[in-house]
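Notes follow once the structure below has been shown.
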Amino acid sequence: MAVPASVGEPIETGLKDTGVNGVSRRLPGRKYGRGICTKKAFRSWILEGTTVSFLNNTVFPSGSSEKTLRRRFHDFLDNPPPPIYQKQLVYVFLKADGTYWKRWGCTLAYKVEQKVIFWDCVEKERYFDYIRNLGQIRLRNYIVLGITSDKHSSIVSAVKTIHPDIPHQYCLVHIQRRCQTLLTRNPQTEAGQKLLEIVKFVNKIPNHDEKEIWIRWLFRFEDRYSDFINQRTYATTDDGKRTWWYTHRNVRKAFRHLRNSLDNMFLYLDHPGLSKDTNGLEAEFTYLKERIGKHRGLNRERKMNLVHWYFHFKSQETKTP
């Protein structure tokens, strides 16, 4: 599919006069008359974890107190940043992932190369949240050519609903990590050891020839160990009922995880630009959590808005691809 070369530059709408959903609001810059310096200090406080004491001595060496500067920062955190739209249609390959917070929900983020273009704070990963997010991404003039995500059922269903014709690559790092967790580092059975060898090569397939070799390797494993994988253990419960379970459940789960993901594991070989993993987003989440940890004491709403401001500032650091 031919991709137009024109790329729209990001523009900010409603930054001065309009808040969320068109509600008029005043940002700290207008209230205090030193908005540019305050916003630069706020940006440093969010992205770099710079202390209020240090910023007060460098940005405002005379005048405002630390208490005043902190109050200005909280004025920012009382409102999310304005949305950023594209002037023209931009064709992108998305990476999507989510991270959970201990007590206040989940953050979903969508990245294009080195730029996070959209994010949302929700209760947990749900089908309708992904439906809404993918729709909002389209409204911001992004045309999604392909998407890479973990194998969470909610985003799998949402992509099938919103973008049924685009390639949906499953993150190979998530697949590999899941299988290694089930098999452990030192499997106690021969089948587990053989499957672990196969799993170690999941993320090392550079071309179609090696893809075919790897798939045949997996099918040979299935032929050889199918009886082992399907072996059942039978028992009788205390009330006399018969029950059963798969004897080697973890080996079976690891194999079926690979087998059921096969159609979406190597789509990146056919679509240049489609990522095979979501590692870039996981790095963003790790850094974000470090920044959140430096700002203890914020209430839930301000923490959510801190996440919004963090990605807002990060999205302005990198040009849209």
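Using 1/(1 + (r/R0)^6) with R0 = 45 angstrom and r between the beta carbons of SER65 and ARG140, what's the FRET efficiency to the nearest 0.05? All intermediate terms of the calculation are to be shown ahead of the outcome.
Numbers: r = 40 Å, r/R0 = 0.88.
E(calc), rounded to 0.05, equals 0.70.
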Radius 11 Å from Cβ of TRP119, net charge of other residues (Lys, Arg +1; Asp, Glu -1): -1
In nm, spacing of pseudo-spin labels at ASN279 and THR184 (7 Å Cα→C-beta vector): 2.8 nm
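Leaving ligands and nucleic acids out of the surface, order ILE175, ILE213, ILE131 by accessible area at 1.4 Å, largest first. Walk me through the numbers on the way to the answer.
Details: ILE175 5, ILE213 95, ILE131 40 Å².
The most accessible residue leads, giving ILE213, ILE131, ILE175.
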Share of carbon and sulfur in the accessible heavy-atom surface of the chain [1.4 Å probe, %]: 48 percent
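For ARG302, ARG216, ARG103, give the ranking by accessible area with the largest first, probe 1.4 Å. Don't skip to the end; give the middle numbers.
Working: ARG302 55, ARG216 125, ARG103 220 Å².
Largest accessible area first, the residues go ARG103, ARG216, ARG302.
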Neighbourhood net charge (10 Å Cβ-Cβ; Lys/Arg +1, Asp/Glu -1) for CYS106: -2
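For the stretch 162-321, what does the alpha-carbon gyration tensor say about shape, rounded, prolate or oblate, given a ≥ b ≥ c as the root eigenvalues, a/c under 1.5 as rounded, and a/b over b/c as prolate? Provide the component values of the computation, followed by the final result.
Working: a/c = 2.69, a/b = 1.51, b/c = 1.79.
Oblate is the answer for the stretch 162-321, as a/c is 1.5 or above yet b/c matches or exceeds a/b.
Can you tell me the relative contact order of the chain? Whole percent, Cα pairs under 8 Å, sequence separation 6 or more.
On the way: 432 pairs, mean separation 71.6, N = 321.
Normalised by residue count, the contact order of the chain is 22 percent.
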D (Stokes-Einstein, µm²/s), Kirkwood Cα radius, the chain, 0.692 mPa s at 37 °C: 144 µm²/s
Inter-label distance, nm, simple model (7 Å from Cα along the C-beta direction), LYS124/THR243: 2.4 nm
Residue among ALA109, ALA254, ALA235 with the largest mean-square fluctuation in a Gaussian network model of the chain, springs linking Cα atoms under 10 Å: ALA235
Accessible area (Å², 1.4 Å probe, nearest 10) - VAL122: 10 Å²
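Given a Förster distance of 30 Å, report the FRET efficiency between GLN316 and THR161 from their Cβ-Cβ distance, rounded to the nearest 0.05.
Numbers: r = 31 Å, r/R0 = 1.04.
That gives a FRET efficiency of 0.45.
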Distance between the stretch 78-127 and the stretch 157-235 - C-alpha centres, whole angstrom: 29 Å
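Using a probe radius of 1.4 Å on heavy atoms only, what accessible surface per residue do you get for the chain? Whole Å² is fine.
54 Å²
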Shape call, the stretch 109-249: gyration tensor on alpha carbons, a/c limit 1.5: oblate
Net charge over other residues, Cβ less than 13 angstrom from the Cβ of HIS208 (K, R count +1; D, E count -1): -2
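Check each of the trypsin sites (Lys or Arg not before Pro) in the stretch 239-287 and keep only those in coil by DSSP with at most 12 other C-beta atoms within 10 angstrom; list them in order.
Details: sites: LYS241, ARG242, ARG249, ARG252, LYS253, ARG256, ARG259, LYS276; in loops: LYS241, LYS276.
In loop regions of the stretch 239-287 (DSSP not H, G, I, E or B), the sparsely surrounded trypsin sites (Lys or Arg not before Pro) are LYS241.
The values are calculated or read from the model by the stated rules, or taken from the named source; none is laboratory data. Keep in mind the model is a prediction, meaning the values are calculated, not measured. Heads up, the Cβs are rebuilt from the backbone with ideal geometry, glycines too, and the neighbour counts pull from every protein chain shown. These accessible areas exclude ligands, DNA and RNA; they are computed on the full protein's heavy atoms, side chains included. Shrake-Rupley method; radii C 1.70, N 1.55, O 1.52, S 1.80 Å.
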